[in-house]
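These notes concern the structure reproduced below.
The values are calculated or read from the model by the stated rules, or taken from the named source; none is laboratory data. Remember, it's a predicted structure, so these values are computed and weren't measured experimentally. Cβ atoms come from the backbone with ideal geometry, glycine included; neighbour counts cover every protein chain shown.
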Amino acid sequence: MQAGHFRAIKLVLSGQARGRGAGHGPISTEHVIWYAPDVKRIVKYSVSTKVAGTQQEAAQFELIEYKLH
């Protein structure tokens, strides 16, 4: 199910940090946010985290329903 189509602004936020302790490589995270100004909502959001280049975590959220009150 989809909420429909929206004109959206894509924001990409990324960052890196050094892992603590022996055996920990660099940590990188990327957030991708699709914001639709007409409905004043985030309509899609994904985040992923890598440690030493290996995917550790990933999640995606998407608007599936929207109602005006």
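Taking the conditions (1) under 15 Å from the mean Cα position of the chain (by Cα); (2) assigned to a loop (DSSP other than H, G, I, E, B); (3) among the acidic types (Asp, Glu) in turn, Glu65 satisfies each one other than (1). If you check Glu65 against the conditions, is it closer than 21 Å to Arg7 by Cα and either in contact with a Leu (Cβ under 6 Å, 6 or more places away or on another chain) or in contact (Cβ under 8 Å) with a residue 12 or more places away in the chain (or both)? Here the answer is yes, as Glu65 does meet what is asked.
Residues that are among the hydrophobic types (A, V, I, L, M, F, W, C) and not in a strand (DSSP E or B) within the range 11-62 comprise Ala22, Val39, Ala52, listed in sequence order. Checking the conditions here, which among Thr54, Thr49, Thr29 is modelled with pLDDT of 85 or more, loosely packed, with under 10 Cβ neighbours inside 10 Å and among the polar types (S, T, N, Q)? Going through Thr54, Thr49, Thr29 in turn, the sole match is Thr54. Candidates are the residues of the range 9-26 that are at pLDDT below 95 and either under 20 Å from Leu63 (Cβ atoms) or hydrophobic (A, V, I, L, M, F, W, C) (or both); the one that is farthest from the chain's Cα centre (by Cα) is Ala22.
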